[in-house]
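Participant: Supplied in structure tokens, the structure appears directly below.
The values are calculated or read from the model by the stated rules, or taken from the named source; none is laboratory data. Everything quoted here is computed from the prediction, not taken from an experiment. Because the Cβ atoms are built from the backbone with ideal geometry, glycine has one as well, and the counts that use them run over all protein chains shown. Protein only, heavy atoms only, side chains kept; ligands, DNA and RNA dropped before computing areas. Shrake-Rupley method; radii C 1.70, N 1.55, O 1.52, S 1.80 Å.
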Amino acid sequence: MAGVSPAAVSRYFNGGPLSQEKKKSIAEAIEKTGYRPNLMAQTMRTGRIRQIGVIVPRVFSESVSLILDGVSQELSLRGYLTVIGCSDGDQEREAQYINILQDNRVAGIILMATTLEGPLREALLTCKIPVVVTGQWAEEFPCVYHDDMSAMHDLAQEMIGRGHTRLAYIGVREDDIAAGLLRRMGVQAAMREAGLDADRMPYAVSTFDAACGREKMEELLAQDPQIDGVICATDTIALGAMSALRSRGKRIPEDVALAGLGGGWLNEIPESSLTTVRYEYQECGRLAAKMLLSRIENEEATDSEVKDQIMLKYRLIKGDTT
């Protein structure tokens, strides 16, 4: 009906190269017939179903949601469905998901990693289908990650440059190398460059929610009431810290400057206007999906977007809190 070859129809459904004229003819034939590919037949032919497993550490997270959005948009363009598993940051559960997804014949896996050790590492090394990691640099695996240390260094440098020298830091657990260890190291590197005593920096470890950020800010104020600048590992933690500071009568930024990382919805609230670093989370998801599909479909990786490791750029946003 479309007047094209079966190969052209296959390329149409699989996101392959095709002229606009042929795309239009095929689309018209699909509309007339109501045709759609038979997933069971595809599975019998390839041994895999056109589904991608995405393992996330948490559901209530803006960064996770944005990465998922980028992943699903790219996958849908190529005719793949997204299957999501939430691990709550548990390595053993992540390893179980990898094995379960393989057994259920998904085509590939995207892992939003917090750490890559223990049973998870073993599951990744023995995985028989393509896997791409996001959020962490991984020497052995294809990955899309952020320059966490440099981002936090620049953020701290901005705050110090505005005269805030009694800095405190609210981070997250440091077995999460990127969000935990590297972000703290970036802050301390900027402090040392400015001649500040980074080793005595007041420091607290929070979970990723605002309530814990508030609690840790209160602890730091009790430890050192003269703190004049607070840097947080995420914008959500910074939101909690902001609440604690205001409840103690602290003016932001006159008494205490405040900054976070993520560059999400909090920065869009005019009365907050948080100084932050913006990460392109949707781009992270899109590139991870593209990287994975290039391996699933054995495409030539000539495009820089599908190389083995991609470190994303970031942007410092100067708000009203510094």
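Participant: Any chance you could look up the accessible area of Ser150 with a 1.4 Å probe, heavy atoms only, rounded to 10 Å²?
Facilitator: 40 Å²
Participant: Now, a different point. Set the Förster distance to 45 Å, then compute FRET efficiency between Ser5 and Ser243 from the Cβ-Cβ distance, nearest 0.05.
Facilitator: Efficiency computed from Cβ-Cβ geometry: 0.10.
Participant: List the longest stretch of the chain that has no exposed loop site; here a site is one of the chymotrypsin sites (Phe, Trp or Tyr not before Pro) assigned by DSSP to anything other than H, G, I, E or B, with at most 16 other Cβ within 10 Å.
Facilitator: Result, exposed sites excluded: 61-322.
Participant: Would you look at the GNM of the chain, springs on alpha carbons closer than 10 Å, and say which of Lys250, Lys216, Lys24 moves the most?
Facilitator: Lys24
Participant: Also, I was wondering about something else. Could I have the simple spin-label model distance between Ala222 and Phe60, label points 7 Å from Cα toward Cβ, reported in nm to one decimal?
Facilitator: 2.4 nm
Participant: How much accessible area per residue does the range 89-148 have, in Å², with a 1.4 Å probe?
Facilitator: Averaged over the residues of the range 89-148, the accessible area is 42 Å².
Participant: Shifting gears a bit: For the chain, with only Lys/Arg (+1) and Asp/Glu (-1) charged at the beta-carbon, what is the dipole magnitude about the Cα centre, in debye rounded to 20?
Facilitator: Roughly 1120 debye for the chain.
Participant: Once both axes come from the Cα atoms, what is the angle between helix 235-247 and the longest principal axis of the chain, in degrees from 0 to 90, rounded to 10?
Facilitator: Compared with the principal axis, the helix lies near 30 degrees.
Participant: So between Asp88 and Ser150, what do we pick up on full extension, going 0.36 nm a residue minus the alpha carbon distance?
Facilitator: Extending this stretch completely gives an extra 19.6 nm.
Participant: Treating the angle as unsigned and between 0 and 90°, give the value, to the nearest 10°, between the Cα long axis of helix 183-193 and the longest Cα principal axis of the chain.
Facilitator: Value to nearest ten degrees: 50.
Participant: Same structure, new question: Select from Gly79, Gly263, Gly70 the residue whose mean-square fluctuation is largest in a Gaussian network model of the chain (Cα-Cα springs shorter than 10 Å).
Facilitator: With Cα springs under 10 Å in the chain, the top fluctuation among Gly79, Gly263, Gly70 is at Gly79.
Participant: Pairing the Cα long axis of helix 91-103 with the longest principal axis of the chain, what angle in degrees results, from 0 to 90 and rounded to the nearest 10?
Facilitator: Value to nearest ten degrees: 10.
Participant: Would you mind getting me the FRET efficiency between Leu77 and Asp255? Use the beta-carbon distance for r and R0 = 56 Å, nearest 0.05.
Facilitator: That pair, Leu77 with Asp255, gives E of 0.70.
Participant: Using the Cα centre as the reference, give the magnitude of the dipole from point charges on the C-beta atoms of the range 119-259 (Lys, Arg: +1; Asp, Glu: -1; all else neutral), rounded to the nearest 20 debye.
Facilitator: 320 debye
Participant: Let me ask something else about it. Report the gain in length on full extension from Ile317 to Asp69: 0.36 nm times residue separation, minus Cα-Cα distance, nm rounded to one decimal.
Facilitator: So the extension gain works out to 87.0 nm.
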